[in-house]
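First comes the structure, then the notes that go with it.
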Amino acid sequence: MAGLLKPAAARILISALRKQFPDIPIHVHTHDTAGTGVASMVACYLSGADIVDVAMDSMSGVTSQPSLGAVLNSLPEKNNDFDTEKLYQINNYWEQVRQLYRCFDPGTQATNTEVYKHEIPGGQYTNMLFQAQSLGLGGEWSRVKEAYAEANEILGNVVKVTPSSKVVGDLAQIMVSNKLTKQDVIENADSLNLPTSVMQFLQGYLGEPEGGFPEPFRSKALKGAPVVKGRPGATLEPLDLGTTKRELREKFGSWITDRDVMSYAMYPAVFEEYAAHYNKYGDVSILSSDMIFEPVKMVGNTYMIKRRVNGST
């Protein structure tokens, strides 16, 4: 997820997997933070991978996936039967769409091979940069990345995917905000106010990491708090979806669907916030992006909405 797979390693890995599992599809996903994603994906494909993940050129690169166009143009002609003219048309469309969402661009404008040191996943890299800026830590971004690597070591070098990567990131942010070193966290784990995500990880709510939990850090941090042994889902109480749907409809209205129930089951607090917003403002998904991002002007008790079409109002 951080884009750590280098071209040479990709050839070795995929060739070995293909030899060992000749009939199983191999699907490779990566990000392009270091700038080596195109070369790695070409190496994977030529070594026997069935699928490699890429992104349209206008949405690719850096913390996104490698460029589709660059990968295609790097393949031998016999392996490339795509209609490039159609791809250019699609890319032009997404190039325009991206302009609408430029306010969310965190500013990661160049590749950075430092990812091989801190191992921050692509999606989390941009999120953490935005969070650091929001917390007034934008000027300490280098320290945040360094703290991420240290936090990862404290937690036992975990496999960093959602949500485990968030655990590492939360601890890193706390370390930078409170000017804590790696040794400070380890030695004072029993007196620090660690993030909830870190505590839940140490309690076993995300499962047991490869190699076990880091000790004595875990025991000091938990201070006797209950732990989950084995797979967390195995001990969950059964969820009555019918009852849940009825309760949600009673609370929010008859518009609740089975999909909403699934959303609530996985993210209850987030869904309740969404439902309250829906009941107050209606279905804002029908509005175009520019209406969401640009302030709506109000004259008296009337909202004045002007829609731009092809540059005209």
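Return only the number of the condition from (1) in contact with a helix residue (DSSP H, G or I) (Cβ under 8 Å, 6 or more places away or on another chain); (2) farther than 23 Å from VAL168 by Cβ; (3) open to solvent by 80 Å² or more (accessible area, probe 1.4 Å) that TYR205 does not satisfy.
(2)
Find all pairs meeting these conditions: Cβ atoms under 8 angstrom apart; at least six residues apart or on different chains; first residue within the stretch 198-219 and over 15 Å from LYS166 (Cα atoms); second residue open to solvent by 30 Å² or more (accessible area, probe 1.4 Å) and polar (S, T, N, Q).
Here the result reads GLY211/ASN157, each pair linking the stretch 198-219 to a residue that is open to solvent by 30 Å² or more (accessible area, probe 1.4 Å) and polar (S, T, N, Q).
Filter the stretch 183-194 down to the residues that are open to solvent by less than 70 Å² (accessible area, probe 1.4 Å), part of a helix (DSSP H, G or I) and not charged (D, E, K, R) and list them by number.
VAL185, ILE186
State the number of residues belonging to the stretch 250-269 that are closer than 21 Å to GLU237 by Cβ and of a type in the set (Val, Ile, Thr).
Within the stretch 250-269, residues that are closer than 21 Å to GLU237 by Cβ and of a type in the set (Val, Ile, Thr) number 1.
Restricting attention to the stretch 71-89, does a residue exist that is under 25 Å from ILE120 (Cα atoms), surrounded by fewer than 21 Cβ atoms within 10 Å (Cβ to Cβ) and touching an Asp or Glu at 6+ places or on another chain (Cβ under 9 Å)? It would help to see each step written out before you state the result.
Start the filter on the stretch 71-89 by keeping residues that are under 25 Å from ILE120 (Cα atoms), which leaves 71.
Pick out the ones that are also surrounded by fewer than 21 Cβ atoms within 10 Å (Cβ to Cβ) and you get none.
No, there is no match, as no residue in the stretch 71-89 is under 25 Å from ILE120 (Cα atoms), surrounded by fewer than 21 Cβ atoms within 10 Å (Cβ to Cβ) and touching an Asp or Glu at 6+ places or on another chain (Cβ under 9 Å).
Output the number of residues of the stretch 245-290 satisfying the condition of being farther than 21 Å from THR162 by Cα, modelled with pLDDT of 95 or more and of a type in the set (A, V, I, L, M).
5
Under 20 Å from the mean Cα position of the chain (by Cα) and touching a residue at least 12 places away in the same chain (Cβ under 8 Å), is that true of VAL38?
Considered against the rule, which asks whether it is under 20 Å from the mean Cα position of the chain (by Cα) and touching a residue at least 12 places away in the same chain (Cβ under 8 Å), VAL38 comes out as no.
Report, by residue number, each residue of the stretch 2-45 that is surrounded by 20 or more Cβ atoms within 10 Å (Cβ to Cβ) and either of a type in the set (A, V, I, L, M) or farther than 21 Å from ASN73 by Cβ (or both). Full working, then the answer.
Narrowing the stretch 2-45 to residues surrounded by 20 or more Cβ atoms within 10 Å (Cβ to Cβ): 2-3, 5, 10, 14, 28, 30-34, 36-38, 40-45.
Answer for the stretch 2-45, where residues must be surrounded by 20 or more Cβ atoms within 10 Å (Cβ to Cβ) and either of a type in the set (A, V, I, L, M) or farther than 21 Å from ASN73 by Cβ (or both): ALA2, LEU5, ALA10, ILE14, VAL28, THR33, ALA34, VAL38, MET41, VAL42, ALA43.
Considering only residues that are in contact with a Lys or Arg (Cβ under 9 Å, 6 or more places away or on another chain) and acidic (Asp, Glu), which ones fall in the stretch 208-239?
Matches in the stretch 208-239: GLU208 only.
Which of the residues that make up the stretch 93-151 are within 18 Å of ALA34 (Cβ to Cβ) and among the basic types (Lys, Arg)?
Scanning the stretch 93-151 gives LYS117, LYS145.
Taking the condition over 21 Å from ASN92 (Cβ atoms) and open to solvent by 40 Å² or more (accessible area, probe 1.4 Å), does ASP50 pass? Full working, then the answer.
Values: over 21 Å from ASN92 (Cβ atoms): yes; open to solvent by 40 Å² or more (accessible area, probe 1.4 Å): yes.
So ASP50 passes the test.
Would you mind stating whether MET1 is among the aliphatic types (A, V, I, L, M), in contact (Cβ under 8 Å) with a residue 24 or more places away in the chain and assigned to a helix (DSSP H, G or I)?
Working: among the aliphatic types (A, V, I, L, M): yes; in contact (Cβ under 8 Å) with a residue 24 or more places away in the chain: yes; assigned to a helix (DSSP H, G or I): no.
No: the conditions fail for MET1.
Between a residue in the stretch 228-245 that is touching a residue at least 12 places away in the same chain (Cβ under 8 Å) and within 20 Å of MET199 (Cα to Cα) and any residue that is hydroxyl-bearing (Ser, Thr, Tyr) and surrounded by fewer than 10 Cβ atoms within 10 Å (Cβ to Cβ), which pairs come within a Cβ distance under 6 Å, given they are 6 or more apart or on different chains?
Final answer for the pair search is none.
Taking the condition of being acidic (Asp, Glu) and assigned to a loop (DSSP other than H, G, I, E, B), how many residues in the stretch 22-44 meet it? Before the answer, list the steps.
Our first condition is that a residue be acidic (Asp, Glu); within the stretch 22-44, this holds for 23, 32.
In the following step, the residues that additionally are assigned to a loop (DSSP other than H, G, I, E, B) were identified as 23.
Count: 1.
Could you check the stretch 101-182 for helices (runs of 4 or more DSSP H) lying wholly inside it with 1 or more residues that are modelled with pLDDT under 85?
Details: elements: 115-118, 122-134, 141-154, 164-177.
The helices (runs of 4 or more DSSP H) meeting that bar are 122-134.
Hey, does the stretch 148-170 have a residue that's surrounded by fewer than 17 Cβ atoms within 10 Å (Cβ to Cβ) and basic (Lys, Arg)?
Within the stretch 148-170, none of the residues are surrounded by fewer than 17 Cβ atoms within 10 Å (Cβ to Cβ) and basic (Lys, Arg).
The values are calculated or read from the model by the stated rules, or taken from the named source; none is laboratory data. Computed from a prediction, not measured in an experiment: that's the story for all the values here. Please note: Cβ atoms are built from the backbone with ideal geometry, for glycine as well, and neighbour counts cover all protein chains shown. When the accessible area is computed, the model is the full protein with side chains, heavy atoms only, and any ligands, DNA or RNA have been set aside. Shrake-Rupley method; radii C 1.70, N 1.55, O 1.52, S 1.80 Å.
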